[in-house]
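Student: Okay, handing you the structure first.
The values are calculated or read from the model by the stated rules, or taken from the named source; none is laboratory data. Everything quoted here is computed from the prediction, not taken from an experiment. When we count neighbours, we look across all protein chains shown, and the Cβ atoms used for this are built from the backbone with ideal geometry, even at glycine.
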Ligand code: PMP
C-alpha cells in the first residue's frame, strides 16, 4: 500500500520500519527534522487550511508585501527569547534567510564606486553559501574575498570597503563568533540562524545593524522558506526591500500565513514549550556524542565553554546544530573519507574554507538518522581503538 510516512534513506516498508543493512547515514545536510515530533504533538493547533479564494492578490490591504500580524509576532518572539533587540528597528521578510544574505550584501555595497568592489568576507570555517551565492551573482560592486582573518590588519590604511558575515553561533563549528573587522570601512551582517536556546546559551540580546534569522532552524520548517532581517538603518532597509521587490516581489502569502500559525503555537501558554522540547533533544544528543568521542584519540571535537543563558536562567553548555569533527591521526587528512568508509556521509572541511582534516556532521536530523550516526560512530571508535 501507500507508505504512511516518507522514509529516511536507510529505512523502507509501508511504515518505514525495515532497516536497509550497510546503508550509509546521510548527515551532510542540516535538515532540522528533530523538531518534527513537536509539530506532530501540536498537529491540530499548527495546521493551516487555505481556501481557494484566499489572498490571491499581490499585496496586503495596506499595499505592502508583509503581514503586519506576522511582524508583530516576530517582535514578541524576540522579546520573549531575549536574543535580539528589535525596538526602533525595521523588519523585512525573505524566501529563507538565503535570499536575505544577498539582499544585505546588495544594500551594504550600494554606495561603493564600481572601480573598487566591496570585499565580502567571513571567518573560516564559514557557511559555504556566503561564497557560492556572492560568486553566482558575480557583481561589479562586490566580490567574495575569503577568510576575514587575512584582512584583519589591513582595514585602517586602505579605502576598500568590507562586508563581514558574522555567524553566531557559527555553522559549522558552533563558536559564538564576533566581528573581526572594525572601523568605518567595515559593515557587518550578523547571521543569527542558530542564535536560539536550542543550540546555545543566550547571554544577552544582540543589537547589531543587520541581523538575519530563519524559521528553518527555529521551528524546523526549512521547506516553507521563511527568513527575516532586523535592520537599524532606514537606507539599508530600503535597499534590502528594493532587492526583495525586484527579485521575487515578496514572500508568498501562504508562507507568511504558515509562519504566523507556527509562531503563534511557539508563543502559546508559557511561551517555552517548543524551546524546552528542542533543547532537551539537542542536549541529550550532545551528551551521547560526547560520551562516544571521549573514548577516542583519533577523532575529536573542540570543547566549547558553558555560559549563562538569560532565557533559561541556567548555565548551559552549547548544543550546536553540527558536530565539527577533527581526524587527529596524521594519515587521516581526508577525514570525510575515513567516515565514508564507516558508512557516514558528512561534509568535508574544504566546503567551509578549511582543511579536509575536519568534517561537519549534522546533529539536527531525524531521530532515526541520529541514532544510526551514533551507532556508526561507536563502531568506528571501537574499531580504531582495537587497532591502536
Ligand atoms: N545561514 C546559516 C548559517 C545557515 O546554516 C543556513 C541554513 N543552513 C542559512 C543561513 C539559510 O537558511 P534558510 O535559507 O533555510 O533560511
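Student: Filter the stretch 205-224 down to the residues that are in contact with a strand residue (DSSP E or B) (Cβ under 7 Å, 6 or more places away or on another chain) and farther than 24 Å from residue 109 by Cβ, then identify the one that is farthest from the ligand (Cβ to nearest atom).
Tutor: 205
Student: Same structure again: Among the residues that make up the stretch 37-45, is at least one of them in a strand (DSSP E or B) and either surrounded by fewer than 15 Cβ atoms within 10 Å (Cβ to Cβ) or touching a helix residue (DSSP H, G or I) at 6+ places or on another chain (Cβ under 9 Å) (or both)?
Tutor: no
Student: Just checking, does the stretch 65-83 include any residue being in the same structural domain as residue 249 (by TED's automatic domain parsing), touching a helix residue (DSSP H, G or I) at 6+ places or on another chain (Cβ under 8 Å) and over 20 Å from residue 255 (Cα atoms)?
Tutor: yes
Student: Considering each of 193, 259 in turn, give the residue that is touching a strand residue (DSSP E or B) at 6+ places or on another chain (Cβ under 9 Å), part of a loop (DSSP other than H, G, I, E, B) and buried (at least 20 other Cβ atoms within 10 Å of the Cβ).
Tutor: 193
Student: Just checking, which of 246, 267, 257, 262 is closer than 24 Å to residue 60 by Cβ and within 16 Å of the ligand (Cβ to nearest atom)?
Tutor: Sole residue among the options that is closer than 24 Å to residue 60 by Cβ and within 16 Å of the ligand (Cβ to nearest atom): 262.
Okay, residues lined up against (1) within 12 Å of the ligand (Cβ to nearest atom); (2) touching a residue at least 60 places away in the same chain (Cβ under 8 Å); (3) outside the structural domain of residue 310 (by TED's automatic domain parsing):
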residue	(1), (2), (3)
163	no, no, yes
172	yes, yes, yes
178	no, no, yes
195	yes, yes, yes
203	no, yes, yes
229	yes, yes, yes
236	no, yes, yes
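Student: Out of everything in the stretch 116-132 that is touching a helix residue (DSSP H, G or I) at 6+ places or on another chain (Cβ under 8 Å) and more than 10 Å from the ligand (Cβ to nearest atom), what residue ends up being nearest to residue 322 (Cα to Cα)?
Tutor: Looking at the filtered set, the residue picked out is 125.
Student: Residue 288: more than 15 Å from the ligand (Cβ to nearest atom), part of a helix (DSSP H, G or I) and under 30 Å from residue 383 (Cβ atoms), yes or no?
Tutor: It is true that residue 288 is more than 15 Å from the ligand (Cβ to nearest atom), part of a helix (DSSP H, G or I) and under 30 Å from residue 383 (Cβ atoms).
Student: Would it be correct to say that residue 37 is over 28 Å from residue 230 (Cβ atoms) and modelled with pLDDT under 95?
Tutor: It is false that residue 37 is over 28 Å from residue 230 (Cβ atoms) and modelled with pLDDT under 95.
Student: Could I ask something else about it? Got a number for residues in the stretch 338-353 being in contact with a helix residue (DSSP H, G or I) (Cβ under 6 Å, 6 or more places away or on another chain) and under 23 Å from residue 170 (Cβ atoms)?
Tutor: So the count comes out to 3.
Quick grid of which residues meet (1) out of contact with any helix residue (DSSP H, G or I) (no Cβ under 7 Å at 6 or more places or on another chain); (2) under 17 Å from residue 172 (Cβ atoms):
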site: 284; (1), (2): yes, no
site: 355; (1), (2): no, yes
site: 362; (1), (2): yes, yes
site: 372; (1), (2): yes, no
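Student: Looking at residue 184, is it surrounded by fewer than 21 Cβ atoms within 10 Å (Cβ to Cβ) and closer than 28 Å to residue 303 by Cβ?
Tutor: Considered against the rule, which asks whether it is surrounded by fewer than 21 Cβ atoms within 10 Å (Cβ to Cβ) and closer than 28 Å to residue 303 by Cβ, residue 184 comes out as no.
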